[in-house]
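What follows draws every value from the coordinates through simple rules; no lab data is involved. The structure presented is a predicted model; accordingly, all values stated were derived computationally and were not measured. Glycine gets a Cβ as well: all are built from the backbone with ideal geometry, and neighbour counts include every protein chain shown.
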């Protein structure tokens, strides 16, 4: 095992990544509405961190001594350090939000609260509440309840204190769930004198508390926001009498009742009300009590309305059309002649949908197979698959019900597909199916011709607009025949195969990665060019890190682009002196995984669904496919080189975890995502001219 001093703690590295997101919110060079969205992304990320990582550490508290040798220190100490880091984040977050509000005011956009309304605005808000919102408000009076209500994860609540001014000691407490699922969190008020105003739904309810409790003998009302975050891990038992679908459905339902891992409250809350809630909910310090600001659930701020026009948002980078695909009557015919890649969101996901729709009605297409991990709420992918089944195609879908936080949507779509006659397979016992593959079997000249796509990300049209992912389209038999083998294994788990071209977890990916690294070590010993370039989301696996350290010490040059968690410590003499790591956080979420090995000048290139984490290499079905086309290999190299050149949005990852921006004096600004979009535009213009 790698010594812990040679590793960056996984949880702290994850928090460091989320700090990079918070940096984007604080960056005055980022347009104002985009800065608000980054606050929302930060908030959502932190919620997930508590639901999953903090929840896991809390479970380990009962085994504190036994787990230290596996995670490097006692869970209690880690939780204390996390709490300290998060409190620091809260201060930065609050000051950033205040700064953004001030900047919005300079644009004549004002976020007002219930105490700042003009008389006309007050009338408007009161009327809006009575006509639209009041019917969704359901207060629960707390003092005489036998049992405190079960607070739902992801919801926010008002804890209300009701008193009578002239009669001290007469008081009551109430709970109101803020109905954010029924209404926008942001209410746009009528414009006045060229100024625009927004009030939060929270403050509309605060303004109307007297109306809500009008029948009660109180005249003073104080409302403070509270929020619970619960353990989100599904605890599915091994009762074989229940189908997996039933188990997952039950687990999702029970998630709202998971153990609390964080309780956030308005720091201004009345002490007696806070004490009452903590006692009634049986909370303690280990439940991560956190004093916050006036508003919680900032994830909603991702949908903050833009009242200031294009100047307050990023300049659009529309998907670049590909002439060969735009003008093609058949996507499959294009694949038959050459491999190509779509790089989302620089290219349009609709080409992939077009391929599925073509296959759905093509009389010579006999079968379609696909793996689904996450799908859109209104999935055109699934609609195309259902259409194919209705047209008599043999459609097989391997859907992962345990895709965290997407189980509900996956359960819904799996039932829809089963009803349409699609063969739905719910993963593999003991393994999550995380690979992203599509296989289309077509009859041509009396023989089967296979077409496939292998992607770094989900077949999800929403994600394709926000995540950078690469999707390879190929009819190369070296790849399609082995993709077919993977699908056969997924359908019939007792059938296992060896793979010459693909790297497949948990079959051979770890072993082949080591072999590829060893190849670079061998080359450097022969005084041949030796290097490794990798773009990945997370690098955590200790054995892989040890192997990279070995390669570094041998003299292999290693450059890594790691968006999120990086437990490897770069730049340490005698350990990792030849390893550089940067992280790019920008307008798109960097999600593509690319592995390039120098191979003495004949680069070996792969794209994959797998990060270098133990779960991806040993406990999931993952695929890394080689890229054989010379032009596509050059493109992948360009993508990694762009990230490594970035001196605007790249941060240096080091042992200090201080997220210093990579600045190169004298060099012009180079923002990789913008430059890549420019590259694709220029490439397409050049192709049109030729």
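Among DSSP beta bridges whose residues both lie in segment 4-305, state the antiparallel percentage, nearest 5. In segment 4-305, DSSP labels about 75 percent of beta bridges as antiparallel.
Working from Cα positions, state the angle (0 to 90°, nearest 10) between the long axis of helix 75-106 and the longest principal axis of the chain. In the chain, helix 75-106 runs at an angle near 80 degrees to the longest axis.
Working from Cα pairs under 8 Å separated by at least six residues, relative contact order for segment 323-491 is 29 percent.
Any chance you could give the angle, 0 to 90 degrees and rounded to 10, that helix 509-525 forms with the longest Cα principal axis of the chain? Helix 509-525 sits roughly 60 degrees off the main axis of the chain. For the chain, relative contact order (Cα pairs under 8 Å, six or more residues apart, normalised by length) works out to 12 percent.
Its convex hull of Cα atoms gives segment 503-689 a direction-averaged projected area, equal to a quarter of the hull surface, of 11.7 nm². Just the number, please: percent antiparallel of the DSSP beta bridges in segment 323-491, rounded to the nearest 5. Restricted to segment 323-491, the bridges split so that about 70 percent are antiparallel. Going by neighbour counts of Cβ atoms within 10 Å, the residues 496, 180, 474 line up, fewest first, as 496, 180, 474. Give me the percent of DSSP beta bridges within the chain that run antiparallel, rounded to the nearest 5. Around 70 percent of the beta bridges assigned by DSSP in the chain are antiparallel ones.
In percent, what relative contact order does segment 4-305 have, based on Cα pairs under 8 Å that are 6 or more apart in sequence?
Working: 404 pairs, mean separation 67.6, N = 302.
Reported as a whole number, the value is 22 percent.
As a proxy for reagent exposure, ranking 185, 127 by other Cβ atoms within 10 Å from fewest up yields 127, 185.
Across segment 124-194, counting alpha-carbon atoms alone, Rg and Dmax equal 15.9, 52 Å. Per-residue ellipticity at 222 nm computed for the chain from its helices equals -11500 deg cm²/dmol, with DSSP H segments shorter than 4 residues left out and the rest contributing -39,500 (n - 2.57).
Going from the fewest other Cβ atoms within 10 Å to the most, the residues 478, 51 appear in the order 478, 51. As an equivalent ellipsoid, segment 1-155 spans semi-axes of 39, 26, 11 angstrom, where each value is the square root of five times an eigenvalue of the C-alpha gyration tensor, largest first. Taking every alpha-carbon pair within segment 304-361, the share separated by more than 16 Å comes to 54 percent. With q set to 0.13, 0.20 Å⁻¹, the log10 of I(q)/I(0) for segment 470-584, from the Debye formula over equal scatterers at the Cα positions, is -0.63, -1.09. Per the Debye calculation on segment 425-487 with a single equal scatterer at every Cα and no solvent contribution, log₁₀ I(q)/I(0) for q = 0.15, 0.18, 0.25 Å⁻¹ amounts to -0.57, -0.76, -1.08. Any chance you could tell me what percent of the C-alpha pair distances in segment 4-305 go past 27 Å? Percent of Cα pairs beyond 27 Å in segment 4-305: 50. From most to least packed by mean Cβ count within 10 Å, the peptides 275-281, 140-146 give 275-281, 140-146. Normalised radius of gyration (Cα atoms, divided by 2.2 N^0.38 Å) for the chain: 1.03.
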